[in-house]
Amino acid sequence: MNITRYDPWRSLEDWRQEMDRMFHPQPHRDEETSHLVGGDWAPAVDIKEETDHFLIRADIPGVKPEDIEITMENGVLSIRGERKFEETEERDNFRRVERSHGIFYRRFSLPENTDAEAVKATGKDGVIEITIPKTEDKTPKRIEVTH
């Protein structure tokens, strides 16, 4: 018998995702919130802004680096992966299962001043660190009107 943790908010999140897909088919760059966009669980994430970069730390213990995919497209950083349930454990006589397993998918809208080509990710002790460098803010060119 497989024991699964009940999530009372799951159907509400599914409904919100469906509304987002209907009314906002493209990700908006001005969104300042992150979205849980699907999966069986969601890793805890911290986002920090430094003077020259953004730093995202995600707690993803028990997931192999080859099972994590990080992409950045149109100012949206996506983290997806899978924590696999060990088949040998399923036969044991568990009384309680609280560790999440399965697919996760998170995405974060970032400001326009990010350098998508220079994003780097490292992992250690179950924490993934994603460094997103900032680009210089472009100041508008002033054009004088002459007579």
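Debye calculation, C-alpha points only, no solvent: report log10 I(q)/I(0) for segment 101-146 at q = 0.17, 0.20, 0.23, 0.26 Å⁻¹, in the same order as the q values. The computed values of log10 I(q)/I(0) come out as -0.72, -0.86, -0.99, -1.08.
Each residue of segment 51-68 is assigned a 3J(HN,Hα), and the resulting list reads 5, 10, 6, 9, 10, 10, 10, 10, 7, 9, x, x, 10, 6, x, 6, 9, 10 Hz, derived from the Karplus form 6.51 cos²θ - 1.76 cosθ + 1.60 (θ = phi - 60°), x at Gly and Pro.
Backbone amide hydrogens, once placed in the peptide plane, bring residue 54 within less than 5 Å of 132, 134, excluding anything fewer than 5 places away on its chain.
Every read-out reported here was derived from the displayed coordinates using simple, explicitly stated rules and does not represent laboratory data. It should be emphasised that the depicted structure is a prediction, and the values quoted were computed from it without experimental measurement.
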